[in-house]
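Here is the structure we will look at, set down as structure tokens.
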Amino acid sequence: MSQVTIVSNRLPISVRKTDGELEFYPSVGGLATSLASYTKDKKNNWVGWPGIVSEELTDEDKETIGSELIKHNCYPVFLSQKQVDGFYNGYSNEVLWPLFHNMPSGLQNLTHDWNIYRQVNRLFAEVVTGLSTPESTIWVHDYQLLLVPEMLRLERPYDLIGFFLHIPFPTTAVFKKLPQAKSLLKGMVGADLIGFHTDTYVQDFLESTQQFHVGTPAPGQVIFDDRVVRVTDFPLGIDYAKFSQAGKQSPVQKQVKANRKKYGKRKKIILTVDRLDPTKGLVERLMAYQELLRNNRRLRKKVVMVMLAIPTRSDIKAYRRLKTKVEQLVEDINTTYGKRRWQPVHYMYKTVPFEELAALYRVADIAFIAPIKDGMNLVAKEYVASRPDKQGVLILSETAGAAQELSDALLVNPKRPKSLVEGLSSALAMRPKELKRRLADMQKQLAANTIHNWKSEFMTSLRSSNIQLEQPTKHLAGFELDKLLHDFTQAEQPTLLLDYDGVLTAFTNKPSEAKPTPQLLALLKKLTKRAKGSVLIISGRSREDLEPWLANRELTLAAEHGALMKSGSAPWRRIVDIPTGWKKTILPILQKYADKTPGAFVEEKESSLVWHYRGASPFYAQKYSTILTRILKPLLHPRGLNLYRGNMILEIKSPDANKGVATSHWLKKKHDFILAIGDDYTDEDMFAALPDDAYTVKVGRGKTLAHFRLNTVEETAQFLERLARA
Ligand code: ADQ
């Protein structure tokens, strides 16, 4: 298997400083445990934050940390206190985490934290690019790093990039509350494969891509012009054997005995194990237990609740407030109902080693797992696996991802207090035969979908995803950019060929809205001056669009892919003569399907017809553009026409009207420097018609004949500004 680089907020090993000494200890939480085995293979890397802020570290400390972590194939991303506050505590945990769990979140004054979130995501992406070799496999994890896939994709278009979200994906109604929703989606779709725990999250994600016009969603994928992103559910499993066999280890057996003694041999033990997090519903569970004790005198002294709370995110106020509230409630219950020989709640706020956790699972009669919302919840699965003796009842929230697989649990609704109390009563009263059957069925399910299957299924799926088979195109930067600028300044007769949409201006929902801004017009003016009047805007648009926007005395315009040209104030000239009689037959068909697809429309140009679907609902657009293609194909060939799939358009035209013809025509002029910039398939004809020493640049992703690539319209504008000043 080739090299895999795991990227997650935390490394599986954390660092702290005690009395000036560095200490290394294993990180806790679902993600760290599930992926830890990856670091055992020397080929693999893991990039993440080591859990300590840079202000606490000297340069020497950083070196020590780096050299210690590298022994475990881990590479640290060092973060300052300000970065941790804005990126981790702020945007990730006060905004994304609650919002994705459908809970109130801090949506005010986000800009500061959002900027830091972006900055830190970039830092992670830079460390990853520095480490992994081109065309390697990168697996990015979780909500803290939603922008990393896109950042990596721009730098390394040919790497295989996977992304997995460990928390729920919210409904579109909730997600769109985020001002940065679209940027986050675009960040995620930089991956080749996006995984979620459940199909519900997959569907919610696809619906959001549709709402925000990020690609075209189809079942299990999002389609772009040049690539397809697969979106699938991969329910995370556990190391089943580890938990089911744990009871055979003597440290676990010893701990089981100690627990029995501590909590009372005949008492029914109700266990809760969670990070101390507002989404986990700890207060709600304590209140349900309190209610149970209040209404059932006979249960008092017969039950014990063991609450294991794992310390987490204690820098955040809401988490500190929650801790106080939980501890206050524990104290209230213990003072109200406790007796000399009976403590109703045993509360522990700590991380425990595996043996201790396994021993708790082994003695618990009931695992009371009732998060308000949870991506998956591994504790529920670990408990079920830990009971090969077929003793024990699992109470589980129907709102946890795990409930979709563990439907034999006693499912409760954490938002209804009564449901939690009833869950406890039913669990306490469940007959042995019934609980055995339920456990056996759930165990079968978990044994068949372990963490090992999960990893290999994700990786197999990633490796079989739509790999781009194109050759890498160099990013226009560094030495090559300097050389281009130098050659331009030295040229006596430079010439520029620039496409319009997707190069000089970004795509808009309606083509008529992509008017040039005053800045763009000023830039074009500077460029024409520098290129001594030799600038050709070469576009697929009609002359009616181009002329009012761009006509000035010095620019030359080529409309309809170069079928028509106009230099300065001279009239339009036809460069190629194309029959147009076919439009009578094709136009009504296009119109019929535009009428069926709200938001789609037909544009009639002199030598072509265009079916635009950028403004249409992606599901309809996908459906009808496919049907249209099927219907049109047999009609086009006999008429010498072709169908082209562009950026959210289908265009029907003669192959003779192409930018290559216009380019050859243009190059009859004298020149000693050529720069051509384009972004879609029509520009490939232009690149093909140019001599090999021309500077050719493709904007955005996708296969190209161009020698260089720029990533975005903004980057292109910056480059052209530099050129104008050169
Ligand atoms: P978490 O919110 O951390 O994970 P969970 O899935 O329950 O929630 O994982 C917690 C892990 O920590 C378990 O493996 C458990 O054994 C361990 N643990 C809990 N308390 C402990 C303690 N006191 N001491 C030691 N270990 C303890 C996030 C998402 C989940 C998703 C996981 C994995 O919020 O929904 O299931 O990632 O994707």
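The values are calculated or read from the model by the stated rules, or taken from the named source; none is laboratory data. Here the structure is a predicted model, which is why all the values come from computation and not from measurement. Cβ coordinates were reconstructed from backbone atoms using ideal geometry, including for glycine residues, and neighbour counts include every protein chain displayed. For accessibility, only protein heavy atoms count, side chains too; no ligands or nucleic acids. Shrake-Rupley method; radii C 1.70, N 1.55, O 1.52, S 1.80 Å.
Using label points projected 7 Å from each Cα along Cα→Cβ, tell me how many nm separate Asp19 and Arg300, to one decimal.
Calculated label separation equals 4.7 nm.
I want to make sure I understand the PRE zone here: with the label point 7 angstrom from the Cα of Leu635 toward its beta carbon, which residues in segment 656-699 have backbone N atoms less than 14 Å away?
In segment 656-699, the label zone of Leu635 (backbone N under 14 Å from the point 7 Å along Cα→Cβ) covers no residue.
Rolling a 1.4 angstrom probe over the protein chains, ignoring ligands and nucleic acids, what is the accessible area of His612 in square angstrom, nearest 10?
20
Using the alpha carbons of segment 586-655, what is the convex hull volume per residue in cubic angstrom, as a whole number? Can you show the working numbers first?
On the way: hull volume 5.2 nm³, N = 70.
Considering the Cα atoms of segment 586-655, their hull volume per residue is 74 Å³.
What is the Cα coordinate range of segment 248-342 on the first, second and third principal axes, sorted by size from largest, in whole angstrom?
Each principal axis gives a Cα extent; for segment 248-342 these are 39, 39, 20 Å.
Ignoring solvent entirely, what values of log10 I(q)/I(0) come out of the Debye formula for segment 390-458 at 0.17, 0.21, 0.23 Å⁻¹ when each Cα is a single scatterer?
Each listed q maps to, in turn, -0.67, -0.89, -1.00.
In terms of solvent-accessible area of protein heavy atoms at a 1.4 angstrom probe, what is the ranking of Arg156, Arg285, highest value first? Before the final figure, lay out each step's value.
On the way: Arg156 30, Arg285 0 Å².
Result of the area sort, largest leading: Arg156, Arg285.
So, in segment 563-669, how many Lys pairs have Cα atoms under 17 Å apart, if the pair is 8 or more places apart or on different chains?
Lysine pairs meeting the criterion: 21.
Projected area of segment 631-725, taken from the Cα convex hull and averaged over every viewing direction, in nm²? Intermediate results must be reported in sequence, preceding the final value.
Values: hull surface 30.3 nm².
Averaged projected area of segment 631-725's Cα convex hull equals 7.6 nm².
Rounded to a whole number, what % of the accessible area of the chain do carbon and sulfur atoms account for, probe 1.4 Å?
Numbers: 16070 of 31480 Å².
Carbon-and-sulfur percentage of accessible area, whole number: 51.
Provide the FRET efficiency to the nearest 0.05 for the Thr626-Arg340 pair, computing r from the beta carbons and using R0 = 60 Å. Walk me through the intermediate numbers first.
Working: r = 75 Å, r/R0 = 1.25.
Approximately 0.20, to the nearest 0.05.
From zero outward in steps of 5 Å, how is the percent of C-alpha pairs of segment 403-517 spread across the bins?
Going from the shortest bin to the longest, the percentages are 2, 7, 8, 8, 8, 8, 7, 6, 5, 6, 7, 7, 7, 5, 4, 3, 2, 1, 0.
Which semi-axes, in whole Å and largest first, does the equivalent ellipsoid of segment 113-169 have when worked out from the alpha carbon gyration tensor as the square roots of 5 times its eigenvalues? It would help to have the intermediate numbers written out before the result.
Working: eigenvalues 71, 41, 13 Å².
Semi-axes from the Cα gyration tensor: 19, 14, 8 Å.
How do His486, His197 rank by accessible surface area computed with a 1.4 Å probe, from largest to smallest?
Numbers: His486 100, His197 5 Å².
Output order, biggest surface exposure first: His486, His197.
Could you tell me which of rounded, prolate or oblate describes segment 463-620, using a ≥ b ≥ c as the square roots of the eigenvalues of the alpha-carbon gyration tensor, with rounded for a/c under 1.5 and, failing that, prolate when a/b is larger than b/c and oblate otherwise?
Working: a/c = 2.08, a/b = 1.33, b/c = 1.56.
Oblate is the answer for segment 463-620, as a/c is 1.5 or above yet b/c matches or exceeds a/b.
Just tell me which lysines come within less than 21 Å, Cα to Cα, of Lys42; anything on the same chain fewer than 8 places away is out.
Hits, sequence-local ones excluded: Lys71, Lys455.
Roughly how much of Glu457 is accessible, in Å² to the nearest 10, using a 1.4 Å probe?
Counting only protein heavy atoms, Glu457 exposes about 100 Å² to solvent.
Return the calculated 222 nm mean residue ellipticity for the chain, to the nearest 500 deg cm²/dmol, obtained by summing -39500 (n - 2.57) across DSSP H runs with n ≥ 4 and dividing by the residue count. Write down the numbers at each step before the final one.
Numbers: 25 runs with 288 residues, N = 726.
Roughly -12000 deg cm²/dmol at 222 nm, from the helical runs in the chain.
Which value, in Å² rounded to 10, gives the accessible area of Asp41 with a 1.4 Å probe and all protein chains present?
60
Convert 4 °C to kelvin, take the viscosity as 1.567 mPa s, use the Kirkwood radius over C-alpha pairs of segment 195-314 as Rh, and evaluate the Stokes-Einstein diffusion coefficient in µm²/s, rounded to a whole number. Working shown, then result.
Details: Rh = 19.2 Å.
So the translational diffusion coefficient is about 68 µm²/s.
By a straight-distance test (C-alpha under 20 Å), which lysines pair with Lys182 as possible cross-link partners, with residues fewer than eight away in the same chain excluded?
Correct list for Lys182: Lys510.
Please list, or write none, the aspartates and glutamates whose alpha carbon is within less than 14 Å of the alpha carbon of Lys525, excluding same-chain residues fewer than 8 places away.
Answer for Lys525, where 14 Å is the Cα cut-off: Glu554, Glu721, listed by chain and number.
Above 17 angstrom, tally the Cα pairs of segment 1-124 and express them as a % of all pairs, no decimals.
Values: 4626 of 7626 pairs.
Result: 61 percent of Cα pairs exceed 17 Å.
When you take every Cα atom in segment 333-467, what is the radius of gyration, and what is Dmax, the widest Cα pair distance, in Å?
17.4, 67
Hey, what D do you get for segment 165-246 in µm²/s if you plug the Kirkwood alpha-carbon radius into Stokes-Einstein at 20 °C and 1.002 mPa s?
Numbers: Rh = 13.6 Å.
Answer, rounded: 158 µm²/s.
Just to be sure I understand the curve: with the Debye formula and one point per C-alpha of the chain, what is log10 I(q)/I(0) at q = 0.11 Å⁻¹?
-1.15
If all Cα-Cα distances of segment 61-165 are sorted into 5 Å bins from 0 onward, what percent lands in each bin, rounded to whole numbers?
With a bin width of 5 Å, the distribution comes to 2, 12, 19, 20, 19, 16, 8, 4, 1.
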